[in-house]
Amino acid sequence: QVQLVESGGGLVQPGGSLRPPCAASLSIFNLYAMGWYRQHTGKERELFATITSGSSTNYAENVKGRFTISRDNAKNTVYLQMNSLKPEDTAVYYCNARWQSISLWGQGTQVTVSS
């Protein structure tokens, strides 16, 4: 069964950092484009960071310079380094894997930024 599993969320103070991983059980993980989405309470899920199979990255303006997406193909894992966290970063964070017509989702991990 193909799975994406996010972990590493939690409660962090403003200005703090988290680095949640997303582990994928995919036989051709290196071919997938990976993305991180987040969903604030009562709002739609939004894409904010992507990394291609060739490791090119792209970010939404509201996280650029604070968040970094990376991948380790040997470990079938994509990471999200989040620095300088703000209360408005509080959301459920989801990992997505995309290749041709396939789109896979993890179950999400809650990130709460609060003092």
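Worth pointing out:
- When Leu85, Leu18, Leu47 are screened for being more than 13 Å from the chain's Cα centre (by Cα), among the aliphatic types (A, V, I, L, M) and surrounded by 13 or more Cβ atoms within 10 Å (Cβ to Cβ), only Leu85 passes.
- Members of segment 87-104 found to be of a type outside the set (Val, Ile, Thr), touching a Ser or Thr at 6+ places or on another chain (Cβ under 7 Å) and not in a strand (DSSP E or B), listed by number: Pro87
- Among the conditions (1) assigned to a helix (DSSP H, G or I); (2) open to solvent by 80 Å² or more (accessible area, probe 1.4 Å), the only one that Thr41 does not satisfy is (1).
- Pick from segment 68-82, criterion touching a residue at least 24 places away in the same chain (Cβ under 8 Å) and not in a loop (DSSP other than H, G, I, E, B), ranking: most open to solvent (accessible area, probe 1.4 Å): Gln81
- Scanning segment 88-115 for residues that are farther than 27 Å from Gln1 by Cα and touching a residue at least 60 places away in the same chain (Cβ under 8 Å), we see that the one that is most open to solvent (accessible area, probe 1.4 Å) is Ser115.
- Just one of the listed residues (Gly15, Gly35) is part of a strand (DSSP E or B), in contact (Cβ under 8 Å) with a residue 60 or more places away in the chain and either within 24 Å of Ser115 (Cα to Cα) or not hydrophobic (A, V, I, L, M, F, W, C) (or both), and it is Gly35.
The values are calculated or read from the model by the stated rules, or taken from the named source; none is laboratory data. Predicted, not measured: the structure shown is a model, and the values here were computed from it. Please note: Cβ atoms are built from the backbone with ideal geometry, for glycine as well, and neighbour counts cover all protein chains shown. Heavy atoms of the whole protein, side chains included, go into the accessibility calculation; ligands, DNA and RNA do not. Shrake-Rupley method; radii C 1.70, N 1.55, O 1.52, S 1.80 Å.
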